[in-house]
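Notes to accompany the following structure.
The values are calculated or read from the model by the stated rules, or taken from the named source; none is laboratory data. These figures come from a predicted structure and were not determined experimentally. Please note: Cβ atoms are built from the backbone with ideal geometry, for glycine as well, and neighbour counts cover all protein chains shown. All accessible areas refer to the heavy atoms of the entire protein, side chains included, with ligands and DNA or RNA removed. Shrake-Rupley method; radii C 1.70, N 1.55, O 1.52, S 1.80 Å.
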Amino acid sequence: MNILFVCKRYYTAKDVIRDQFGRLYEIPRQLSALGHEVTVLCLDYRGKDPVASAGQQFDENGVRWLVVSLRDVLRMRFRAIHKQLKGLGPDVVIGSSDIPCLWLSRLLARRERVPYIVDLYDNYQSFGQARIPGFRLALRLSIRDARGVLAVSGPLKEKVVRDFAPKAPVVVLNNGISRSVFCEGDRLKARNALGLPLEAHLIGTAGNLSAMKGLDTVYAAWPALESVADDLYLVLAGKVDPELPVPLSARVIYLGELAEHQVAELFRALDLGIIPAHDSEFGRYCFPQKLFEMVGCGLPVVAARVGAIAETLQAFPGLLFTPGDADSLRWAVTSQLAGAQHVAVAVDEWPDLVKRIDQLISQVV
């Protein structure tokens, strides 16, 4: 079956193609592994590569990646985009990653007279682009008219059914992790690899270090946590939001932006992982990727009591703290450091997850 997958090129500070990263890379790759012919129409909003029009191509793991430049996206040159796809003859279109990609998928599917599926890996209404006039309507129409809807979490599925009244079934498709990467290992070896203190107590997290992700709560709690023990360090990795700088402290270690295998090393190096979030339009519906990665590495955790995070850890209420409450976070951290409680949650891998998409495609085509 010929599948056209539409997504953006950069997300969570990664280049989907060159970094071979995440959901937007794994869904096409795994569909190709199942025997489908997969073409990815990849929208490059950043325009980092010198591409003046649609046409830059990559071939990765049997998947054809067609990059559309920033210029074509801004000029809404959908005819030029469609011309690049002439002769492809897709049987189904899958749109993911944001509102423009979903809308473009809807347009291309109508032109080709084939069904389309939308993939919601977050609550796209919480994205800044949703404030652009017309974008919320585009999102509503794209979801309403799709022949299938994928939602990254149970709470997001409930929201989609309640707020958008889709005509098609909504299927929960969590993010997967690579168990060969996010696995248990030697703590001292991991600390040596990252240049971290070998004998200290280390707590921390990785990802987008922004207020939207709840890092403001972590930073607010740190002065009180710093006084708990002289050998307690806060270790952070990821992209820093300029409006929320990393705390200045001799015992705050910032490792920069790490590759995926280095993030796994960090989780093996820590004594305790923190999964912050706010009770917001983003926090209530996101998938707690870092939670599953930390658990895969055998790391004890504390996490915000919100959305899919609370749903996943409902059997471990002592590990949850009140979103946005620095004192609640401090209490959870000190309790876990005093007697670490490990959790056991089911961790899915991408090949198994994408089989659900394959089943959905068979139903709609």
All positions within the stretch 7-24 that are free of Cβ contacts under 8 Å to residues at least 12 places away in the same chain and open to solvent by less than 30 Å² (accessible area, probe 1.4 Å): D15
Restricting the stretch 194-219 to residues that are open to solvent by 50 Å² or more (accessible area, probe 1.4 Å), more than 18 Å from C297 (Cβ to Cβ) and not hydrophobic (A, V, I, L, M, F, W, C), the residue that is farthest from the chain's Cα centre (by Cα): E199
The stretch 212-244: number of residues that are free of Cβ contacts under 8 Å to residues at least 40 places away in the same chain, among the hydrophobic types (A, V, I, L, M, F, W, C) and over 13 Å from L272 (Cβ atoms): 5
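How many of the residues making up the stretch 334-365 are over 24 Å from the mean Cα position of the chain (by Cα), within 18 Å of G298 (Cβ to Cβ) and of a type in the set (A, V, I, L, M)? Write out each step before concluding.
First, the residues of the stretch 334-365 that are over 24 Å from the mean Cα position of the chain (by Cα): 334-341, 362-365.
Those still in the list that are within 18 Å of G298 (Cβ to Cβ) too: 336-337, 339-341.
Subsequent filtering for residues that are of a type in the set (A, V, I, L, M) retains 337, 340.
Qualifying residue count for the region: 2.
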Unmet criterion (only one of (1) assigned to a loop (DSSP other than H, G, I, E, B); (2) closer than 21 Å to D15 by Cα; (3) of a type in the set (V, I, T)) for V263: (1)
In the stretch 277-290, the residues that are open to solvent by less than 20 Å² (accessible area, probe 1.4 Å) and at pLDDT 95 or above: A277
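Of all helices (runs of 4 or more DSSP H) completely enclosed by the stretch 304-365, which ones contain at least 3 residues that are more than 30 Å from E37 (Cα to Cα) and touching a Phe, Trp or Tyr at 6+ places or on another chain (Cβ under 7 Å)? Talk me through it step by step, then tell me what you get.
Details: elements: 307-312, 326-338, 350-364.
By residue number, 326-338.
Consider D145 carefully, then state whether it is within 25 Å of the chain's Cα centre (by Cα), without any contact (Cβ under 8 Å) to a residue 24 or more places away in the chain and under 30 Å from V364 (Cβ atoms).
Details: within 25 Å of the chain's Cα centre (by Cα): yes; without any contact (Cβ under 8 Å) to a residue 24 or more places away in the chain: no; under 30 Å from V364 (Cβ atoms): yes.
Judged against the criteria, D145 is not a match.
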